Each structure stands twice: as C-alpha cells, then as structure tokens.
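The structure appears right after this line, and notes come after that.
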Amino acid sequence: MSLPHYWRTPLCLAPRLLHPWLTERGSLTAMLMAHFPDITVRVLFQGWQKAHPDEADKLSQQGHIACREVLLQSGQTPLVYAHSITSASALRKGFHLFGRTGSRPLGALLFADPTIRRSGLSWCCIDQRHPLWQKAQAAVGSLPQRLWARRSVFYAGHDQLLVTEVFLPALLKSQCFVMGK
C-alpha cells in the first residue's frame with residue numbers, strides 16, 4: 001500500500017540537525033535518554049478511537065483502533081509527542097502488551113522482543129490541518145505552524161502497530177541541536 005505523498009518528503013527538506021532523529025532505526029526513547037538523563041513518559045490517552053484517514057489506509061483498518069498517545073519529556077519539558085495505534089485483533093495477539101504499557105516507553109517493549117520487525121521509516125512536515133499536529137497542540141499549547149514527524153510500522157507476525165513521533169520545538173531548541181550532537 002502506498003503512503004500519502006506527504007509521508008514521502010525528501011530528507012533534504014528537513015533541518016539538517018534533525019536528520020539523525022528522523023532516520024534513527026533504533027529506539028527514539030533510548031536516543032533521547034542519551035541526551036537527556038531525565039526522560040519520562042506522560043500518558044495522554046490510552047483507549048479506543050477512530051483511526052485518522054491516512055492511518056486507516058496505512059494499516060488497512062477502518063473504524064475504531066487501540067490508541068496510545070504520550071509525551072516524551074525531559075523533566076516537565078515535552079520533547080516528542082508519540083501516537084501509536086493497532087487493531088483489536090493485534091491487541092489480543094502479537095501486541096497484547098500494548099494495552100498494559102502504562103508509563104513505560106513503548107520502545108523498551110518493542111526493541112526487547114527479537115521477533116518484532118520494523119518497516120522503513122517515513123517522515124514529513126505536518127501542519128495545523130493534520131490531526132496529530134492538533135493533538136500535539138492540545139497537549140502542549142502553542143506550537144509553530146509546522147512540525148516534523150516520522151512514522152513506521154512494527155510487525156509481530158501479521159499483526160501491525162503504527163507508531164508516529166512528532167518532534168516538538170523544545171527538542172529542536174535543546175543543547176543537543178545547538179551543539180550539533
């Protein structure tokens with residue numbers, strides 16, 4: 001299934017200092033922890049909701065899906081808004097731990113299981129028309145008109161989990177960007 005055109009944005013259009021964050025194939029939480037020693041997960045929502053159109057297309061899922069929305073924070077400063085979805089059947093089978101993650105990083109579970117595979121990463125710049133920009137704005141307040149995001153699908157057998165991570169302004173203003181680390 002093809003991605004909507006905006007999820008195929010050329011990497012060269014992203015800020016150069018953001019490239020390693022957009023293309024990192026390992027755990028984003030682990031990468032954050034390497035730069036910020038006090039990373040925490042603040043759960044914003046965990047439950048059922050209707051899939052956004054581009055997500056429904058990506059996972060071939062219509063109707064309601066299991067959803068987890070979190071902020072990855074350094075202290076009280078939000079750095080990344082993360083939005084993960086899966087189907088009801090995947091929640092019962094391959095991603096049964098998804099519903100019991102609590103305030104633990106989802107990446108810690110996904111990358112600890114050698115049977116889980118990850119698709120390639122895609123990225124784009126989202127604006128206030130995108131539902132995830134709107135959710136990030138509701139969670140953190142004022143945001144610039146555009147935010148960079150990345151997403152990928154994790155596979156447990158035939159079950160799929162779509163993870164989208166939106167990079168917030170505080171991350172881009174942090175010392176790891178200023179210093180080019």
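Here are the numbers for this structure:
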{"item": "Taking ILE85, ILE116, ILE126 and counting other C-beta atoms within 10 Å, the order from fewest to most", "result": "ILE116, ILE126, ILE85"}
{"item": "Tilt relative to the chain, helix 131-140 - C-alpha long axis, 0 to 90 degrees, to 10", "result": "60"}
{"item": "Residue order, fewest to most beta carbons within 10 Å, for GLU69, GLU24, GLU55", "result": "GLU24, GLU55, GLU69"}
{"item": "Net dipole in debye of the range 42-179 [+1 Lys, Arg Cβ; -1 Asp, Glu Cβ; about Cα centre; nearest 20]", "result": "160"}
{"item": "Difference of contour (0.36 nm per residue) and Cα-Cα distance, LEU109 to CYS12", "result": "31.8 nm"}
{"item": "Segment HIS64-CYS125, extension gain: residue separation times 0.36 nm, minus the distance between their alpha carbons", "result": "19.4 nm"}
{"item": "Cα-based convex hull volume of the range 5-178 per residue, rounded to whole Å³", "result": "110"}
{"item": "Helix-only [θ]222 nm of the chain, DSSP H runs n ≥ 4, -39500 (n - 2.57) each, per residue, nearest 500", "result": "-6000 deg cm²/dmol"}
{"item": "Amide N proximity, the range 118-149 versus LYS93 label position 7 Å along Cα-to-Cβ, cut-off under 18 Å", "result": "118-119"}
{"item": "Amide hydrogen neighbours beyond the local backbone of PHE45, cut-off 5 Å, H modeled", "result": "GLU69"}
{"item": "Neighbour-count ranking [beta-carbon atoms within 10 angstrom, fewest first] of ASP38, ASP57", "result": "ASP38, ASP57"}
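All of the numbers you see were taken from the coordinates with simple rules; none came from a lab. Here the structure is a predicted model, which is why all the values come from computation and not from measurement. Reconstructed Cβ throughout: ideal geometry from the backbone, glycine too, with neighbour counts over all protein chains shown.
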